[in-house]
Amino acid sequence: MKKLILLAAVCAVGCNSSQKTVKEVAEKRTISVTELAETITEEELKEHLYIYASDEYEGRETGTEGQKKAIAYLKTAYEKLGISAAKDNGDYFQKVPLEISKIPSGKITINDVEYSLGEHILSFSKAIDTLNGFVYAGYGIEDENYSDYQNIDVSDQYVLIKAGEPIASDSNYVISGTQEKSVWSNVSESLSKRIKIAKDKGAKGIFYFDENNFSRFKSRFDYRKSADSGSMSIQTDEKQVFTTFYIDNSLAIALFSTINEDSTAKEMSAKIVIDVKSSDNEVNSENVVAVLKGSEKPDEYVVISSHLDHIGVTAEGEINNGADDDGSGTVALLEIAEAFKVAAESGNTPKRSIVFLHVTGEEKGLLGSQYYTDYDPIFPLAQTVANLNIDMIGRIDPKREGDRNYIYLIGSDKLSTELHEISEAVNEKFMKIELDYTYNDENDPNRFYYRSDHYNFAKNNIPIIFYFNGTHEDYHRPGDTPDKINYDLLQNRSRLVFHTAWEVANRQERVVVDKPVKE
């Protein structure tokens, strides 16, 4: 792939054609939504992507020079389109303060018995402390009709929690009241909920006992340790960093001998010395956020998102260009933004404001979107109507059978029946793409619903749709290059997202959340 020399020249080439389209199309007297969608073209998507996923951008790894080139490209694109920065000061960049911590080392001593980190106990962050006891909180659940925290105070304490959920004497699950397990039996979703509850109650950290998944946590720990890659996270001003320790059965019994049989919360006495250390390095990174203000409901927002980062360069020096992941989503978002700008230029501004959100650090753990939702939402989450998230829409899943003109939809029905129905109706009317819900299944082992940036909106009860083409042989490999993109499919899928966003933005009433996530 030919290298590009000057970033300024790159941005000029990448943005001029889009600006021309805006002006030309906006000169029409009446522009239908179909005509607006048709401003999203294979040619312009390809033009953007051959630049954005070129070797010049060095795989766009978070915090690297390649990522800085990527955000400069995006900023220039929005300036050329005449779409404003989301921040009041005119800055398109939302700084996301990150740090990278090497996998910690050290030990924990329980009643004078030492346990080295990495064997029976794991952690991905540092902690130094001396404890005279801890609080056992059973399953660590607080739900509408059940709480393990009812008679205990965990402020300034470490909390011992075990996986699973309570079962009544009639063998029904207490929370569901039936033989059906609740969300608390789903480790992908419930662990973060357990951590949040303990943290919100003032705990210093948790000891999490999950015998079925300890080997999975250990594999991740061992991999990061051997790769010396460390763990990236959002910097906080907290003096005491909340720490999660993952423990196996032997250490859980060392803390509480009858943990497998007893689920009653209680205070526990023990002499515990925590000596776990790591080195931290600051990482500078940014989200890119632009906004087109709505005409009638400017204080309600439809957020369309994609992640701007990728995984950088291999140890052997090969560039992971990330054309599909998520160059395809990034350029789709630029073209969708252009279509909305054409509408505004022609006097047909959408009723609600449209936020174009390019997030950093997705490959490091959804960090950019987490920062936007949990730390610094530029626009209030309470006024955010929906999030349409685009992550890999330029290729074909080789495992899939059927029409090539398809897209996987994930999460459209999780929070809002209405959003799902809108999505189906819009597709039937305008695009007729095969909507495949294979990965929307709660039992899907890939857990894609929890693995892209929409999840940080969904956990805040904001309805989402995740657009995804599935993985392929070049996923997270140097072979993910622009020449392998199916630009006709990228065009069709981008138009589908535009049509859906247009409908959500222009409805009289905001999308109803009829299946909210319980706090």
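The values are calculated or read from the model by the stated rules, or taken from the named source; none is laboratory data. Predicted, not measured: the structure shown is a model, and the values here were computed from it. So basically every Cβ, Gly included, is an ideal-geometry build from the backbone, and we count neighbours across all protein chains shown. All accessible areas refer to the heavy atoms of the entire protein, side chains included, with ligands and DNA or RNA removed. Shrake-Rupley method; radii C 1.70, N 1.55, O 1.52, S 1.80 Å.
Heavy-atom accessible area for His120, with the other protein chains in place and a 1.4 Å probe, reaches approximately 50 Å². Surface composition of the chain: carbon plus sulfur atoms contribute 45% of the solvent-accessible area (1.4 Å probe, protein chains only, all chains present).
Each residue was assigned an accessible area with a 1.4 Å probe, and for Ile390 the value is about 0 Å².
A 1.4 Å probe over all protein chains sorts Tyr475, Tyr173 by accessible area into Tyr475, Tyr173, starting with the largest. Residue farthest toward the positive end of the dipole of the chain, with Cβ of Lys/Arg at +1 and Asp/Glu at -1: which of Phe256, Ala386, Ile167? Going by the Cα projections, it comes out as Ala386. Between Arg400 and Glu473, the contour length at 0.36 nm per residue exceeds the alpha carbon distance by 25.0 nm. Between helix 65-81 and the chain there is an angle of about 40 degrees, using the helix long axis and the longest principal axis of the Cα atoms.
Please say if the stretch 168-314 is rounded, prolate or oblate, where rounded means a/c under 1.5 for a ≥ b ≥ c the square roots of the C-alpha gyration tensor eigenvalues, and otherwise the choice is prolate for a/b larger than b/c and oblate otherwise? Write out the running numbers ahead of the final one.
Numbers: a/c = 2.05, a/b = 1.35, b/c = 1.52.
Note, shape of the stretch 168-314 comes out oblate.
Determine the calculated [θ] at 222 nm for the chain from helices alone, applying -39500 (n - 2.57) to every DSSP H run no shorter than 4 residues and normalising by the residue count; nearest 500 deg cm²/dmol. Before the final figure, lay out the partial values.
Details: 12 runs with 144 residues, N = 519.
Counting only the DSSP helices, I get -8500 deg cm²/dmol.
Report relative contact order for the stretch 94-252 in percent, whole number only (criteria: Cα-Cα under 8 Å, sequence separation at least 6).
Contact order relative to length: 33 percent.
Magnitude of the charge dipole for the stretch 432-519, about its Cα centre and with charges confined to Cβ atoms of Lys, Arg (+1) and Asp, Glu (-1), is about 300 debye. With θ taken as phi - 60° and the Karplus curve 6.51 cos²θ - 1.76 cosθ + 1.60 applied, the whole-hertz 3J(HN,Hα) list for the stretch 100-117 is 10, 10, 5, 4, x, 9, x, 8, 10, 10, 10, 6, 6, 9, 8, 10, 6, 5 Hz, x standing for glycine and proline.
Candidate cross-link partners of Lys69 among the lysines, defined by an alpha-carbon separation under 17 Å and a same-chain spacing of 8 or more, comprise Lys2, Lys3, Lys80, Lys95. Rounded to the nearest 20 debye, what is the charge dipole size of the stretch 272-384 about its Cα centre when +1 sits on each Lys and Arg Cβ and -1 on each Asp and Glu Cβ? Here the size comes out at about 620 debye.
Which order do Trp502, Trp184 take when ranked by solvent-accessible area (1.4 Å probe, heavy atoms of all protein chains), largest first? Provide the component values of the computation, followed by the final result.
On the way: Trp502 30, Trp184 5 Å².
So, going from the largest accessible area down, we get Trp502, Trp184.
Give the shape of the stretch 124-227 as rounded, prolate or oblate, defined through the alpha-carbon gyration tensor: a ≥ b ≥ c are the square roots of its eigenvalues, a/c under 1.5 means rounded, and otherwise the shape is prolate if a/b is larger than b/c and oblate if not. Verdict is oblate for the stretch 124-227. The modelled label-to-label distance between Glu261 and Asn145, using points 7 Å beyond Cα along the C-beta direction, is 2.9 nm.
Given the pairs Lys87/Lys515; Lys341/Lys459; Lys196/Lys218, which span a C-alpha to C-alpha distance of over 25 angstrom in this model? Show your work: numbers first, answer last.
On the way: Lys87/Lys515 32 Å; Lys341/Lys459 30 Å; Lys196/Lys218 22 Å.
Check vs 25 Å cut-off fails for Lys87/Lys515; Lys341/Lys459.
Using Cα pairs closer than 8 Å and at least 6 residues apart in sequence, work out the relative contact order for the stretch 189-319, in percent.
24
Listed by chain and number, the aspartates and glutamates whose C-alpha is less than 13 Å from the C-alpha of Lys204, apart from same-chain residues fewer than 8 away, are Asp129, Asp153, Asp156, Glu238. Measuring r between the beta carbons of Asp129 and Lys95 and using R0 = 30 Å, the FRET efficiency lands at 0.45. Give me the aspartates and glutamates in straight-line cross-link reach of Lys75: C-alpha distance below 16 Å, same-chain residues under 8 apart excluded. Answer for Lys75, where 16 Å is the Cα cut-off: Glu65, Asp88, Asp91, Glu286, Asp309, Glu335, Glu338, listed by chain and number.
How high is the relative contact order of the chain, in percent, counting Cα pairs under 8 Å that sit 6 or more residues apart? Intermediate results must be reported in sequence, preceding the final value.
Numbers: 1083 pairs, mean separation 107.5, N = 519.
The normalised contact order for the chain reaches 21 percent.
Sort the stretch 315-443 into rounded, prolate or oblate with this rule: let a ≥ b ≥ c be the square roots of the eigenvalues of the Cα gyration tensor; rounded if a/c is under 1.5, and if a/c is not under 1.5, prolate when a/b is larger than b/c, oblate otherwise. Working shown, then result.
Values: a/c = 1.36, a/b = 1.08, b/c = 1.26.
Note, shape of the stretch 315-443 comes out rounded.
The structure shown yields Cα Rg over 2.2 N^0.38 Å, and of the options (1) 1.18; (2) 1.22; (3) 1.03 that calculated value carries the label (3).
Please list 58-64, 150-156 highest first by mean number of surrounding beta-carbon atoms within 10 Å per residue. Please report the intermediate quantities before stating the final value.
Values: 58-64: 23.3, 150-156: 12.4.
For the peptides 58-64, 150-156, the packing ranking is 58-64, 150-156.
Ranking of Lys364, Lys432, Lys293 by solvent-accessible surface, largest first: Lys432, Lys293, Lys364 (1.4 Å probe, protein heavy atoms only, all chains present).
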